[in-house]
1. Cβ-Cβ distance below 9 Å, separation of 6 or more or different chains: which pairs start in segment 68-86 with a residue that is over 19 Å from residue 97 (Cβ atoms) and end on one that is in a helix (DSSP H, G or I)?
2. Within segment 136-164, count every residue that is crowded, with 16+ Cβ neighbours inside 10 Å and in contact (Cβ under 8 Å) with a residue 24 or more places away in the chain.
3. Step by step: first the residues of segment 187-202, then only those that are closer than 30 Å to residue 50 by Cα and assigned to a strand (DSSP E or B), then the one that is nearest to the chain's Cα centre (by Cα). Which residue is that?
4. Before we move on, is residue 205 free of Cβ contacts under 8 Å to residues at least 40 places away in the same chain, within 16 Å of the chain's Cα centre (by Cα) and assigned to a strand (DSSP E or B)?
5. Taking the criterion of being more than 19 Å from the chain's Cα centre (by Cα), surrounded by fewer than 10 Cβ atoms within 10 Å (Cβ to Cβ) and outside the structural domain of residue 65 (by TED's automatic domain parsing), would at least one residue in segment 90-107 satisfy it?
6. Of all residues in segment 142-197, which are in contact with a helix residue (DSSP H, G or I) (Cβ under 6 Å, 6 or more places away or on another chain) and within 21 Å of residue 39 (Cβ to Cβ)?
7. Just checking, which of 149, 173, 162 is assigned by TED's automatic domain parsing to the domain that holds residue 261, touching a strand residue (DSSP E or B) at 6+ places or on another chain (Cβ under 6 Å) and within 23 Å of residue 30 (Cα to Cα)?
8. Can you tell me which of 167, 184, 116 is assigned by TED's automatic domain parsing to the domain that holds residue 31 and within 22 Å of the chain's Cα centre (by Cα)?
């Protein structure tokens, strides 16, 4: 039902412009892009479907109210209706304007709760990635692959290579395999940060002294970008996220290389004890 709603008339125009922007968007937004970034995870696919359902409901309500207002203006103005009615109660009308909004809320609530629980559930986990927010960079740890970790810092404008996006390029991207259920553990070494990657449907705070948990499954290979979405200090706007999704075979090769490259890097994580308890 939800998929059918996405092709209704109210969606046609915006979907056209959204597709035009998404045709070249990849894992990040592009200038003049409308609509969402292309969904790259099951959670984001469901978020877009739910948004489309809400969009159809909102447009329908606005259209209905606008039509009623136009009808009232034409039918009940002083010239067309010089003697106003003295009707004060209408049982059927009162039942309708009470019952219809209740039904609309139920139509919204059911898929909303389903999406909420689906985005939060963690089943059949195949690997774990730990994300630590710092002022102002990210630290990534792979506890299921030897426990190596590395920092991911923004690349300055004067060091960018051709094709690298400004304010989104980092020295060490986080590499993950596609078609893999990945548990995400979030924490912070100082203030509150927020790890957000729109195309993957992820946005969760990293808080010092505690572990927040989420999951993701990347549908296809590619580069997906995000940024810190919590005001964390003077360089808040310079904490980009670059997720590089590769095949499982390429990921296994990268792990072997990364173990050697980042051996002993980073030192102990700030909340290692808390992480052990969460696991």
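1. Pairs that qualify, where the first residue is over 19 Å from residue 97 (Cβ atoms) and the partner is in a helix (DSSP H, G or I), are 80/74; 81/75.
2. Qualifying residue count, segment 136-164: 15.
3. Taking segment 187-202 as the starting set, the residues that turn out to be closer than 30 Å to residue 50 by Cα are 187, 192-202.
Still in the running and assigned to a strand (DSSP E or B): 187, 193-197, 202.
Working: 187: 19, 193: 16, 194: 12, 195: 10, 196: 7, 197: 6, 202: 4 Å.
Ranking the qualifying residues of segment 187-202, first place goes to 202.
4. Working: free of Cβ contacts under 8 Å to residues at least 40 places away in the same chain: yes; within 16 Å of the chain's Cα centre (by Cα): yes; assigned to a strand (DSSP E or B): yes.
So residue 205 passes the test.
5. No, there is no match, as no residue in segment 90-107 is more than 19 Å from the chain's Cα centre (by Cα), surrounded by fewer than 10 Cβ atoms within 10 Å (Cβ to Cβ) and outside the structural domain of residue 65 (by TED's automatic domain parsing).
6. Hits for segment 142-197 are 175, 177.
7. Numbers: 149 fails: within 23 Å of residue 30 (Cα to Cα); 162 fails: touching a strand residue (DSSP E or B) at 6+ places or on another chain (Cβ under 6 Å).
Exactly one of 149, 173, 162 is assigned by TED's automatic domain parsing to the domain that holds residue 261, touching a strand residue (DSSP E or B) at 6+ places or on another chain (Cβ under 6 Å) and within 23 Å of residue 30 (Cα to Cα), namely 173.
8. Details: 167 fails: assigned by TED's automatic domain parsing to the domain that holds residue 31; 184 fails: assigned by TED's automatic domain parsing to the domain that holds residue 31.
The unique qualifying residue is 116.
The values are calculated or read from the model by the stated rules, or taken from the named source; none is laboratory data. From a predicted model like this one, the values you see are computed outputs, not experimental measurements. Backbone-built Cβ (ideal geometry, glycine too); neighbour counts: all protein chains shown.
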